[in-house]
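Student: The structure's right below; bear with me while I get my questions together.
The values are calculated or read from the model by the stated rules, or taken from the named source; none is laboratory data. Not measured: the values here are computed from a predicted model. Note that each Cβ is placed from the backbone with ideal geometry, even for glycine, and that neighbours are counted across all protein chains shown. The accessibility values were calculated without ligands, DNA or RNA, using every heavy atom of the protein model including side chains. Shrake-Rupley method; radii C 1.70, N 1.55, O 1.52, S 1.80 Å.
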Amino acid sequence: EFEALLARRLAGEPIAYLTGMREFYGRPFRVTPDVLIPRPDTELLVEQALAHIPSDLAVDVLDLGTGSGCIAISLALERPLARVAAVDRSPAALAIARCNADMLKACVEFFTSDWFHALPGRRFDLIVSNPPYIAAGDPRVDPGVRRHEPAAALFSGSTGLEALQVIATGAARHLRPHGWLVVEHGDTQGAAVRALFTA
């Protein structure tokens, strides 16, 4: 069994898929090749979102493209009064997210949805997302990541901005007045994302 795992690792398969678990924000999360492996960088996204979620109010929070559920579940556990919803278009990813929510005893409402489509008329105090934001041809992507992690969770068209464009456009119809939109983006995309949000 060890030799088989070693062979998979030597072929570039991420350790998190071999063990089936990855720690995020101090908690264990189940991961499979159906979901992106949570990264420490995304813990900053959680911290930024928490800064805009009061601990003493029942606010509505939406996580777009939840994957393993690590963002939504972390927010729900850190802010028990918040009403957290999470969407993903992949039923397989949502199955993992639900499993993680059950395992960690987090109250999150899950929807199968392509971004906002399953939420007509609903508004939120905070929308958070770690969407796909890598350009399809980006040569900096590790070959092991490209081979093993779900492409739909990594790549967003030729510029990497397509998903962020959809989110920025849709958020205007789903945020309450004075609401917050918090997203993760690539290290060279800051100016472009600010322009999308401003527009």
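Student: Report the relative contact order of the chain, percent, no decimals, based on alpha-carbon pairs under 8 angstrom and at least 6 residues apart. Working shown, then result.
Tutor: Working: 350 pairs, mean separation 39.8, N = 199.
The normalised contact order for the chain reaches 20 percent.
Student: Would you calculate the volume per residue, in Å³, of the smallest convex hull containing every Cα atom of segment 51-132? Walk me through the numbers before you get to the answer.
Tutor: Numbers: hull volume 6.3 nm³, N = 82.
Each residue corresponds to 77 Å³ of Cα convex hull volume.
Student: In whole Å, largest first, what are the principal axis extents of the Cα atoms in the chain?
Tutor: For the chain, the Cα extents along the three principal axes come out at 56, 39, 27 Å.
Student: List, in order, the whole-Hz ³J(HN,Hα) value for each residue of segment 32-45 obtained from phi through the Karplus relation with A = 6.51, B = -1.76, C = 1.60 and θ = phi - 60°; use x for Gly and Pro.
Tutor: Residue by residue, segment 32-45 yields 9, x, 7, 10, 5, 6, x, 10, x, 4, 6, 5, 5, 4 Hz.
Student: Go through Trp115, Trp180 and list them by solvent-accessible area, largest first, probe radius 1.4 Å.
Tutor: Details: Trp115 45, Trp180 120 Å².
Descending accessible area places them as Trp180, Trp115.
Student: Ile15 label point, 7 Å along Cα→Cβ, cut-off 17 Å on backbone N: hits in segment 24-40?
Tutor: 24-32, 37-40
Student: Applying a 10 Å radius around every beta-carbon, put 12-21, 59-68, 154-163 in order of their mean neighbour count, most first. Can you show the working numbers first?
Tutor: Values: 12-21: 14.9, 59-68: 25.7, 154-163: 18.1.
Top to bottom by mean Cβ count within 10 Å: 59-68, 154-163, 12-21.
Student: Going toward the positive end of the dipole of segment 17-98, with +1 on Lys and Arg Cβ and -1 on Asp and Glu Cβ, which of Pro54, Leu64, Tyr17 do you reach last?
Tutor: Positive-most Cα among the choices belongs to Tyr17.
Student: Amide H to amide H under 5 Å from Gly157: which residues, 5+ apart in sequence or cross-chain, H placed 1.01 Å off N in plane?
Tutor: Ala136
Student: Using a 1.4 Å probe on the protein chains only, how many percent of the accessible area of the chain belongs to carbon and sulfur?
Tutor: About 57 percent, which is the carbon plus sulfur part of the accessible surface.
Student: Same structure, new question: Divide by every residue of the chain the summed helix terms, -39500 (n - 2.57) for each DSSP H run of at least 4, and state the resulting mean residue ellipticity at 222 nm, rounded to the nearest 500 deg cm²/dmol.
Tutor: Values: 9 runs with 79 residues, N = 199.
Helix contribution divided over all residues of the chain: -11000 deg cm²/dmol.
Student: Right, another one. From the phi of every residue in segment 160-171, what ³J(HN,Hα) in whole Hz does the Karplus formula 6.51 cos²θ - 1.76 cosθ + 1.60 yield, where θ is phi - 60° and glycine or proline is x?
Tutor: x, 9, 4, 5, 4, 5, 4, 5, 4, 5, x, 4
Student: Enumerate the amide H contacts of Ala106 below 5 Å, restricted to partners 5 or more residues apart or on another chain; note that Pro and chain-start residues carry no placed amide H.
Tutor: So Ala106 has HN proximity to no qualifying residue.
Student: How large is ³J(HN,Hα) for each residue in segment 89-98, as worked out from phi by the Karplus curve 6.51 cos²θ - 1.76 cosθ + 1.60 (θ = phi - 60°), to whole Hz, x for Gly and Pro?
Tutor: 7, 9, x, 5, 5, 5, 4, 5, 4, 5
Student: PRE reach from Asp138 (point 7 Å along Cα→Cβ): which of segment 23-52 fall under 16 Å by backbone N?
Tutor: Output list for this probe position: 36-43, 45.
Student: How large is the accessible surface per residue of segment 52-197, computed with a 1.4 Å probe and reported in Å² as a whole number?
Tutor: 47 Å²
Student: Compute the length gained on full extension between Arg173 and Thr32: take 0.36 nm times their separation in residues and subtract their Cα-Cα distance, giving the result in nm to one decimal.
Tutor: Values: separation 141, 0.36 × 141 = 50.76 nm, distance 3.32 nm.
Contour length minus Cα-Cα distance gives 47.4 nm.
Student: Evaluate the charge dipole of the chain about its Cα centre and quote only its size in Debye, nearest 20, assuming +1 on the Cβ of each Lys and Arg and -1 on the Cβ of each Asp and Glu. If you can, show how the numbers build up before the last one.
Tutor: On the way: 19 positive and 23 negative charges, 66 e Å.
Around 320 debye, computed over the chain.
Student: Mind giving me the FRET efficiency for Met103 and Leu81? R0 is 25 Å, r the Cβ-Cβ distance, nearest 0.05 is fine.
Tutor: Details: r = 22 Å, r/R0 = 0.86.
For Met103 and Leu81, the calculated efficiency is 0.70.
Student: Order of 102-114, 76-88, 129-141 by packing, highest average Cβ count within 10 Å first?
Tutor: Details: 102-114: 15.5, 76-88: 21.2, 129-141: 17.0.
Put in order of decreasing packing, that is 76-88, 129-141, 102-114.
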